[in-house]
Amino acid sequence: MKRNILAIEFAFLVLWGSGFIGAKYGLPHAGTFTLLFFRYLILSVVLFAWLAARGQLHFGGGTQIRQAAVMGLLAHCVWLVAVLEAINLGVAPGIVALVAALQPMVTGVVVGPILDEKVNRWQWAGLSAGFLGVVFVVADRIGGIGAVAPWWAYLLPFVSTLSLTAATVYQRSLEIKSPEGFLPVINNLAVQCAATAIVLLPFALSLENMQADWNADFLFALAWLIFVVSLSAYALLILLIKKCPATRVASLLYLTPPVTMVMDYLAFGNAVTRNGMIGLAIAAVGVFWVHRGEAKRSGEQ
């Protein structure tokens, strides 16, 4: 069982981190809202068609549909729009990554009073080390801010952090309260994607006229974001939330910047810096400590 969870976590990290590379390919050819709209429109059509072909178009009652829609808006729509728009407006990607790395810390603070999942000393040490690791990874990039963004653009990474924290805690709370009344993973994801596409549509139309360069690079980026990230990575995230405490799941996000750094080198040839390698090692130790803290807590129960 433990090996299965570790395998899921590893696969999630690789697929989740690849989303930033896919966005880097796609954003030059379409605006944020347009790229995300087509991403979730196509994915929702694929998922509903797949469920229909298997005779599994069952979504429970209105409560389950509303819960999945809220999850979609928090974990897909708000989180991704805030991250990508911050970068588009001139906020350095390093700053965005650093603020986003606060998410596990915020999760650690709120899971106690909301989910009654206490965070012990090992886990707090791991969360702190993980954040320090991210600081090392993005240190070289923070200095190259480039264009000056409007002051409110710097609030967007905080919005993304709070949104993903809310999504993680919300779904985990639903799983704890009524694990058998929750939608299956694919059905849940289908509703999330449909709700996200519906909300993004008016913004894509009014702000960007839904303009996109339908060339090979854009189609590749779209396919990657749809099937590798939105389908596979988010499905694994839902599975992890079902099986693991929220703090453990959130701590994995500390490894996203280091993993993305390595992928950036493989895909675009951007150098892996000494700070990046140090950060990767520290973040890995931090996640190990969070896992160790969870094991100790389980042994005490």
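Return the calculated 222 nm mean residue ellipticity for the chain, to the nearest 500 deg cm²/dmol, obtained by summing -39500 (n - 2.57) across DSSP H runs with n ≥ 4 and dividing by the residue count.
Taken over the chain, the calculation gives -24500 deg cm²/dmol.
Please report, in cubic angstrom per residue, the volume enclosed by the convex hull of the alpha-carbon atoms of the stretch 171-288.
Once divided by residue count, the hull of the stretch 171-288 is 144 Å³.
Gaussian network model of the chain, Cα springs within a sub-10 Å range: biggest mean-square fluctuation belongs to which of 53, 100, 82?
So, out of 53, 100, 82, the one fluctuating most is 53.
Running a GNM on the chain with Cα contacts under 10 Å, which residue among 211, 103, 67 ends up with the highest mean-square fluctuation?
Looking only at 211, 103, 67, the largest GNM fluctuation is found for 211.
Mind checking the dipole of the stretch 2-300: about its Cα centre, +1 per Lys or Arg Cβ, -1 per Asp or Glu Cβ, Debye to the nearest 20?
Dipole magnitude for the stretch 2-300 comes out near 780 debye.
If you take the charge dipole of the chain about its Cα centre, with +1 on Lys and Arg Cβ and -1 on Asp and Glu Cβ, which of 263, 107, 197 is farthest toward its positive end?
Checking the options against the dipole of the chain, the answer is 107.
Taking K and R as +1 and D and E as -1, what net charge do the other residues with C-beta under 13 Å from the C-beta of residue 23 add up to?
Summing Lys and Arg as +1 and Asp and Glu as -1 gives -1.
So how do 256, 196 line up by other beta-carbon neighbours within 10 Å, fewest first?
256, 196
Please arrange 172, 274 by how many other C-beta atoms lie within 10 Å of their C-beta, fewest to most.
In increasing order of surrounding Cβ atoms, one gets 274, 172.
Quick one: 3J(HN,Hα) in Hz for the stretch 163-176, Karplus 6.51/-1.76/1.60 with θ = phi - 60°, rounded, Gly and Pro as x.
5, 5, 4, 4, 5, 4, 5, 4, 5, 5, 5, 5, 5, 6
Just to be sure I follow the rule: in the chain, considering lysines 8 or more places apart or on different chains, how many pairs have Cα atoms under 14 Å apart?
Lysine pairs satisfying the spacing and distance rule in the chain number 4.
Rank the residues 265, 154 as a footprinting-exposure proxy: fewest other Cβ atoms within 10 Å of their Cβ go first.
By the 10 Å Cβ count, ascending, the order reads 265, 154.
Which residue fluctuates most in the GNM of the chain (Cα springs below 10 Å): 221, 11, 101?
Judging by the Gaussian network model, the answer is 11.
Rule-based calculations on the coordinates, nothing more; no lab input. Quick caveat, the model's predicted, so the values are computed rather than measured. Positions of Cβ are backbone-derived with ideal geometry, glycine not excepted, and every protein chain shown enters the neighbour counts.
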